[in-house]
Amino acid sequence: MPEPSLEVLAAATALAAFVAGFLRGSLGGGIGLALTPILTLALPAQSALGLTGFVLILADPIILRYYWR
Amino acid sequence: MGILIGVWLISGMPDHWLRRLIGSVALALALLQLVFLTTRIRMGHHGSVSAGVGVLAGMASSIANSAGVMLGPYLAGLGLFNAAVVATGGAALVTANCLKVLSYWSIGFLTWRMIWMALLAWPLLYLGSWLGWRVNAYLPRRLFALVLIGIAIAGSLKLLLT
């Protein structure tokens, strides 16, 4: 699998983290729908899927903390 | 089960085929979400529908990280209010996402470099989440959802046409 450069990966990760956090906190869903195709334009498809998946898993505990009732 | 089927499908797939698959799935799900948003069509809650939604959501999750497109309307159709849909969907996806990430790791889609980068970006993730939680009650959901669908469609078409 081709690895993206460090600069591209850092920029993509920063964007993915903020956007995923915001969308998970507000809408709750549809994050991957918008984020995955956009990231796939900048990164190898495998990296885009892996990165988005891991960022979403980091977002889960944060959202459960805010919305736990 | 849907996640495992999806990961099996994409493991070993060449990059250009995977891009087209992601574009196709994302486009289909974006159009599906548009249908749910603009019509009164709702998912039934018979056992077979629930099982089908589960499998399809798992596959959508592993191929395009888009389980929410299937789960959101299903949960909303149960009559839950916004915050409950977000929370319930989030709780359901926690286990699914763990399985998905382990599967991605096993097929080489996730590397240590990506993990470290994502961990370093955690403050941005927290900031985005906090901001999203704060605006949840004030957000024009329909308009915002339409914008997201538009972005998804544009990105998908770009993937399919290049």
* With the full set of protein chains in place, find how many percent of the accessible area of the stretch B:87-162 is carbon and sulfur; take the probe as 1.4 Å. => 77 percent
* Using a 1.4 angstrom probe on the protein heavy atoms only, line up B:Leu143, A:Leu27 by accessible area, largest first. => B:Leu143, A:Leu27
* To do: Kindly write out, for the stretch B:17-34 in residue order, the coupling ³J(HN,Hα) from the Karplus curve 6.51 cos²θ - 1.76 cosθ + 1.60 (θ = phi - 60°), rounded to whole Hz, with x marking Gly and Pro.
  => 6, 5, 4, 5, 5, 4, x, 5, 5, 5, 5, 4, 5, 5, 5, 5, 5, 5
* Average partner chain C-beta neighbours within 10 Å, per residue of B:152-161? -> 4
* Asked: What ranking, highest mean first, results for peptides B:28-39, A:32-43, A:9-20 when packing means the other Cβ atoms within 10 Å averaged over each residue?
  -> A:32-43, A:9-20, B:28-39
* Would you kindly state how much longer the chain becomes between B:Leu131 and B:Leu9 on full extension, computed as 0.36 nm times their sequence separation minus their alpha carbon distance, in nm to one decimal? => 40.3 nm
* Structure fact -> For the stretch B:2-13, in residue order, the Karplus 3J(HN,Hα) values (coefficients 6.51, -1.76, 1.60; θ = phi - 60°; whole Hz; Gly and Pro = x) are x, 5, 5, 5, x, 5, 4, 5, 8, 5, x, 6
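Give me the summed buried accessible area for the B-A pair, 1.4 Å probe, to the nearest 100 Å². If you can, show how the numbers build up before the last one.
Details: alone 10710 and 4810 Å², together 10480 Å².
For B against A, buried area totals roughly 5000 Å².
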* Structure fact -> Ranking B:Met114, B:Met1, B:Met13 from most to least accessible area with a 1.4 Å probe gives B:Met1, B:Met13, B:Met114
* To do: For peptide B:5-14, compute the average count of partner chain beta-carbon atoms within 10 Å of each residue's beta-carbon.
  => 1
* At R0 = 35 Å, FRET efficiency that the Cβ-Cβ distance of B:Tyr138 and B:His16 yields, to 0.05 -> 0.25
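The values are calculated or read from the model by the stated rules, or taken from the named source; none is laboratory data. Note that the structure is predicted; figures quoted are calculated from it, not measured. Quick reminder, even Gly has a Cβ in these numbers, built from the backbone with ideal geometry, and neighbours come from all protein chains shown. For the accessible areas, the whole protein counts, side chains as well, though only heavy atoms, and no ligand, DNA or RNA atoms are used. Shrake-Rupley method; radii C 1.70, N 1.55, O 1.52, S 1.80 Å.
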